[in-house]
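FYI, it's all coordinate maths here, none of it is from the lab. Owing to the predicted nature of the structure, the values given are computational and were not obtained by experimental measurement. Ideal geometry is used to build each Cβ from the backbone, glycine not excepted, and the neighbour counts take in all protein chains shown.
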Amino acid sequence: MFSVTRRIFSGACRPLSSGVAEKLGYHDFIWLLLSEEDKTSDTAINYWFRAIDLDDDGYITPYEMEFFYKEQLHRMDCLAQEVVQFEDILCQMTDMVKPAREGYVTVLDLKRCKQAGVFFNVLFNLTKFIQYDQKDPTQVCGSCTCGCWCVGGWMCRLIRVCV
Ligand SMILES: [Ca+2]
């Protein structure tokens, strides 16, 4: 079972209404579907934030991001996708979310950046991550803050070639 799935079934995202440990009830399933379908609503952001915030301290740290991203790396490898290393992801996520305190992403940071869906998909939904990547391959970034040169589209946000 994938880590994010374990978090859902543990009731970390929201207390389970089924009344049975590690079993989703109808309401739990609806919450999951709605949160998965649109990860940009405040409700969904809260839901997924609790999934990723493993120690429930109110911050998503690089350690927690990497914990989930390691499974994405494995999926990319299995699907013969070009593997994007975590260090590149962390840099891109930091540029995208611009947390008030670097290395500590809060739920408010995610709501403010308007890119929470991308943030969560990068961490645990490879299909949506790739779909997003292929949406607009000619898009030019311009959002980077480290003075690097980027290639277009989602890769612009994800892969950069520093010069
Ligand atoms: Ca945490």
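Kindly indicate which of 104, 63, 59 is aromatic (Phe, Trp, Tyr), free of Cβ contacts under 8 Å to residues at least 40 places away in the same chain and within 16 Å of the ligand (Cβ to nearest atom).
63
For the range 77-99, give me each residue that is within 15 Å of residue 119 (Cβ to Cβ) and free of Cβ contacts under 8 Å to residues at least 12 places away in the same chain.
Selection gives 94, 99.
Looking at 119, 49 in this structure, which one is more than 13 Å from the ligand (Cβ to nearest atom), surrounded by 15 or more Cβ atoms within 10 Å (Cβ to Cβ), closer than 18 Å to residue 2 by Cα and of a type outside the set (Asp, Glu)?
After applying the criteria, what remains is 119.
So, of the residues in the range 52-63 that are crowded, with 18+ Cβ neighbours inside 10 Å and in contact with a helix residue (DSSP H, G or I) (Cβ under 6 Å, 6 or more places away or on another chain), which turns out to be nearest to residue 129 (Cα to Cα)?
Ranking the qualifying residues of the range 52-63, first place goes to 52.
Residues in the range 13-46 that are crowded, with 19+ Cβ neighbours inside 10 Å, more than 16 Å from the ligand (Cβ to nearest atom) and part of a loop (DSSP other than H, G, I, E, B): how many?
Result for the range 13-46: 2.
Has the range 67-82 got at least one residue that is within 15 Å of the ligand (Cβ to nearest atom), surrounded by fewer than 20 Cβ atoms within 10 Å (Cβ to Cβ) and of a type in the set (Asp, Glu)?
Checked the range 67-82: no residue is within 15 Å of the ligand (Cβ to nearest atom), surrounded by fewer than 20 Cβ atoms within 10 Å (Cβ to Cβ) and of a type in the set (Asp, Glu).
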